[in-house]
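K.L.:
Mind looking over this structure? Questions follow.
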Amino acid sequence: MGGDGRVTAGDEPRRGAAAVGSDPPRFGPVVGGPPRFGPATREAIGDVATVSEGPPWESRERPTWGLEPGDAIAPGRTVLRSLGGGRRYEVFLVWDDHRLAVLVAKLLRPDHARDPAALRELAREGEALARLAHPVLVRGFDVVAEGRFPHLLIEHLEGPTLRELIDRDG
């Protein structure tokens, strides 16, 4: 650096500082990330867990609506079977009389059904699905925030689940 504080040819910027007008630093490819195990590796290591316990929400019993095939979740929407669920939602395969189609209903669990934050999140997810119309994404058809069973109604696609694909193909 010259005596007047200006950068002159051949001066190197301080470590961690970029020269004025220079491109931002570039980094190489990310190395690492989660390990990818093929079927042979998974078979060799079996059900070895890396942690002794799951997260706290997995250890407690989750409230459920107890819906059975034939139960109505809304006028014209009938439960065909349970597909599973998570911490905040239960997911069901349903028949929709208005669309004459088998669809998926993602219901807020009973302990979240009146939670304003959960209802806002449900509405936001429905709005996002409506904006993100694309051939490789499932379509969102309806968001029901009122009534006994707040839910999101989405397209049902036949085929294996992501878990089944990972288990099969690694």
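The values are calculated or read from the model by the stated rules, or taken from the named source; none is laboratory data. All values reported here derive from a predicted model rather than from experimental measurement. Because the Cβ atoms are built from the backbone with ideal geometry, glycine has one as well, and the counts that use them run over all protein chains shown. Surface areas here come from the heavy atoms of the whole protein model, side chains and all, with no ligands, DNA or RNA. Shrake-Rupley method; radii C 1.70, N 1.55, O 1.52, S 1.80 Å.
K.L.:
Using the heavy atoms of the protein chains alone and a 1.4 angstrom probe, what is the accessible area of region 130-170 per residue in square angstrom?
P.N.:
Values: 3090 Å² over 41 residues.
In whole numbers, region 130-170 has 75 Å² accessible per residue.
K.L.:
If the chain between E158 and D71 were fully stretched, how many nm would it gain, using 0.36 nm times the residue separation less the Cα-Cα distance? Before the final figure, lay out each step's value.
P.N.:
Values: separation 87, 0.36 × 87 = 31.32 nm, distance 2.23 nm.
That pair, E158 and D71, stretches by 29.1 nm at full extension.
K.L.:
Note the per residue figure in Å³ for the convex hull of the C-alpha positions in region 110-160. List each step's numbers first, then the result.
P.N.:
Numbers: hull volume 4.8 nm³, N = 51.
Here the figure is 94 Å³ per residue.
K.L.:
Calculate, for region 67-123, the solvent-accessible area per residue in square angstrom, rolling a 1.4 angstrom probe over the heavy atoms of the protein chains.
P.N.:
About 49 Å² of surface per residue is accessible.
K.L.:
Each label point is 7 Å from the Cα along the Cα-to-Cβ direction; what then is the distance between the points at V138 and R168, in nm?
P.N.:
Here the answer is 1.8 nm between the modelled labels.
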